[in-house]
1. Whether any residue in the range 52-64 is among the charged types (D, E, K, R), exposed (fewer than 10 other Cβ atoms within 10 Å of the Cβ), at pLDDT 75 or above and more than 30 Å from T130 (Cβ to Cβ) is what I want to check.
2. Select from the range 97-144 the residues that are of a type in the set (D, E) and either touching a strand residue (DSSP E or B) at 6+ places or on another chain (Cβ under 7 Å) or at pLDDT 80 or above (or both) and write down the one among them that is nearest to R86 (Cα to Cα).
3. Which members of the range 95-130 meet the condition of being more than 22 Å from G66 (Cβ to Cβ) and hydrophobic (A, V, I, L, M, F, W, C)?
4. Scan E33, E48, E18 and give me the residue that is more than 25 Å from the chain's Cα centre (by Cα), at pLDDT below 70 and either acidic (D, E) or surrounded by 10 or more Cβ atoms within 10 Å (Cβ to Cβ) (or both).
5. Evaluate the range 100-118: report whether one residue or more is loosely packed, with under 10 Cβ neighbours inside 10 Å, within 17 Å of the chain's Cα centre (by Cα) and not in a loop (DSSP other than H, G, I, E, B).
6. If N93 passes every condition in (1) surrounded by 10 or more Cβ atoms within 10 Å (Cβ to Cβ); (2) at pLDDT below 70 but one, which one does it miss?
7. Quick check on my filter: what residues within the range 68-88 are out of contact with any helix residue (DSSP H, G or I) (no Cβ under 6 Å at 6 or more places or on another chain), of a type outside the set (A, V, I, L, M) and modelled with pLDDT under 80?
Amino acid sequence: MKSSAVKRKVESALLAKEKLLVLLYKNVYFTNEFHSSFPCEVDSLLQEFTNVFPKEVWHGLPHLRGIEHQIDLVLGCPIPNRVAYRTNPKETNEIQKQDFVGESLSPCYVSVILVSKKDGIWRMCVDSRTINKIIVKYRYPIPS
């Protein structure tokens, strides 16, 4: 979003006396050490909230954990396993090396395509139409 559009949104929120939360950052810096090059305000904040930050900086996909949720399927329906889309082996290896994707333990296959955007960032497109057909649709609202 352009800065002029952001400025207009902030001004309209202030005029309407709406709650406004703004986060502004310039650089991202991964480290687990304090440096004297930090401004004193940043250094005091980091010292005050050391319990909030992890001891080690971690990259890649999260570790495998136990089941945190489940999706109920209609009994007796076959699990959809469609043929995977063809991919360029070089791009596939590159994406796997960068830890964008990992092996799945799921019993069914849902089509996923990674699309390169104009700015070079990858966007994941999931085609979940086949699995949506056999998911139990509950009639009660999801809590907010």
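The values are calculated or read from the model by the stated rules, or taken from the named source; none is laboratory data. Worth saying up front: this structure is predicted, and the values here are computed from it rather than measured. A quick note on method: Cβ atoms are made from the backbone with ideal geometry, for glycine too, and the neighbour counts reach across all protein chains shown.
1. no
2. Going through the range 97-144, the residues of a type in the set (D, E) turn out to be 99, 103, 119, 127.
From what is left, the residues that are either touching a strand residue (DSSP E or B) at 6+ places or on another chain (Cβ under 7 Å) or at pLDDT 80 or above (or both) are 119, 127.
Numbers: D119: 24, D127: 15 Å.
Result: D127.
3. Across the range 95-130, the qualifying residues are I95, F100, V112, I113, L114, V115, I121, W122, M124, C125, V126.
4. The match here is E33.
5. Yes, the conditions are met somewhere in the range 100-118.
6. So the condition that N93 fails would be (2).
7. If the condition is that a residue be out of contact with any helix residue (DSSP H, G or I) (no Cβ under 6 Å at 6 or more places or on another chain), of a type outside the set (A, V, I, L, M) and modelled with pLDDT under 80, then E68, H69, Q70, N81, R82, Y85, R86, T87 are the ones that fit.
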